[in-house]
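A.B. asks: Sharing a structure with you now.
The values are calculated or read from the model by the stated rules, or taken from the named source; none is laboratory data. Note that this is a predicted model, so its numbers are computed, not measured. Glycine also receives a Cβ, built like all others from the backbone with ideal geometry; neighbour counts cover every protein chain displayed. The area values use the complete protein model at the heavy-atom level, side chains included, leaving out ligands, DNA and RNA. Shrake-Rupley method; radii C 1.70, N 1.55, O 1.52, S 1.80 Å.
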Amino acid sequence: MTPAQKKSTGQKVECVALFADLRDFSHWSLEATSEQVATVVKMTYERLLKLKQAYFIDFYKPLGDGFLAVWEPDRHGSMPNALKAALVTAFNLHKEYHYFRKTVSFRTPPGFGVGIACGEVTKVRADLPGERLDTDYVGYPMNCAARLQTLAGPFGVTLDAAGVAMAQANSHLILDDTDASREFVLNAPNEDDMIYARRHVKGVLDTDLNGFQYVTWPEMQQRLWMTDGRIAAPPSMLARRASDRSAY
């Protein structure tokens, strides 16, 4: 078969998708020096490669000030195991970024926001004449994770409705730990969170817009980053909240 005769291949697979993005990076980069921007981007790539090895990420894609990571259940034994790996990855990313900020002398973006979604996607490989393209993953969970991460503030993690149900059904594996300092907790969005989500998040099913939750790591939240990771609404949003509530 010649290169011109090659066809794209696709396979339906279950996966856990994670999108991580540095909050306020674009605005921060306008005032930062090129060396400072390069330092933060290099840190992101270095942490991604370290996390890939530690938590067996099946697929990853650097995205400048963030990245995409995917776990398939075949390698991890089950979808709950894959979700656990994604959550541990997210919070270790937060932990390492907290300590990174202490090693530099300049102001940095306030932290990563992370979105995680679970479900069926299509694993695609497109071979084109003269080009060899990498494997990619496409489908609703990828879009959902990307959109939900916009609802995560610095050091925040948002989880889609399918992930929430999976975590609740397998809490002993995904949330609990024999060491209480490693327990994760699900937190439902409050009224202000929901107003913000309905105004700003598009392309997400109502099931996920109404059913997403925040995940926290209380031990590290209390000791290090001192926030539950909810998105910080802009001042203009705060001024409109009272009138917005009547619309919902």
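A.B. asks: Of the residues VAL121, VAL70, only one is modelled with pLDDT of 95 or more, buried (at least 22 other Cβ atoms within 10 Å of the Cβ), among the hydrophobic types (A, V, I, L, M, F, W, C) and over 25 Å from ARG182 (Cα atoms); which?
C.D. replies: Just one listed residue meets the conditions, VAL121.
A.B. asks: If the requirement is being in a helix (DSSP H, G or I) and either touching a Leu at 6+ places or on another chain (Cβ under 8 Å) or open to solvent by 80 Å² or more (accessible area, probe 1.4 Å) (or both), which of these qualifies: TYR99, TYR60?
C.D. replies: Just one listed residue meets the conditions, TYR99.
Residues are listed down the side, and each one gets a yes or a no for (1) in contact (Cβ under 8 Å) with a residue 40 or more places away in the chain; (2) not hydrophobic (A, V, I, L, M, F, W, C):
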residue	(1), (2)
ILE57	no, no
LEU83	yes, no
SER105	no, yes
PHE112	yes, no
ARG125	yes, yes
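Rundown of residues vs (1) more than 28 Å from SER78 (Cα to Cα); (2) outside any helix (DSSP H, G or I), yes/no style:
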residue: GLU14; (1), (2): no, yes
residue: LEU18; (1), (2): no, yes
residue: ASP21; (1), (2): no, yes
residue: LEU30; (1), (2): yes, no
residue: GLU35; (1), (2): yes, no
residue: VAL40; (1), (2): yes, no
residue: LYS52; (1), (2): no, no
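To keep it simple, each residue is scored yes or no on (1) in contact with a strand residue (DSSP E or B) (Cβ under 9 Å, 6 or more places away or on another chain); (2) over 22 Å from GLU72 (Cβ atoms); (3) modelled with pLDDT of 95 or more.
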| site | (1), (2), (3) |
| --- | --- |
| ALA90 | yes, no, yes |
| HIS98 | no, yes, yes |
| ARG101 | no, yes, yes |
| ARG107 | no, yes, yes |
| LEU128 | no, yes, no |
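For (1) within 28 Å of ASP228 (Cα to Cα); (2) surrounded by 14 or more Cβ atoms within 10 Å (Cβ to Cβ), each residue gets a yes or a no:
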position: THR9; (1), (2): no, no
position: ARG23; (1), (2): yes, yes
position: SER29; (1), (2): yes, yes
position: LYS42; (1), (2): yes, no
position: GLU46; (1), (2): yes, no
position: LYS52; (1), (2): yes, yes
position: ALA82; (1), (2): yes, yes
position: VAL88; (1), (2): yes, yes
position: LEU93; (1), (2): yes, yes
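Residues are listed down the side, and each one gets a yes or a no for (1) without any contact (Cβ under 8 Å) to a residue 40 or more places away in the chain; (2) in a helix (DSSP H, G or I); (3) crowded, with 20+ Cβ neighbours inside 10 Å; (4) over 16 Å from the mean Cα position of the chain (by Cα):
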residue: PRO141; (1), (2), (3), (4): no, yes, yes, no
residue: ALA145; (1), (2), (3), (4): no, yes, yes, no
residue: THR158; (1), (2), (3), (4): no, no, yes, no
residue: GLY163; (1), (2), (3), (4): no, yes, yes, no
residue: GLN168; (1), (2), (3), (4): yes, yes, no, yes
residue: LEU173; (1), (2), (3), (4): no, yes, no, yes
residue: ASP177; (1), (2), (3), (4): yes, no, no, yes
residue: LEU186; (1), (2), (3), (4): yes, no, no, no
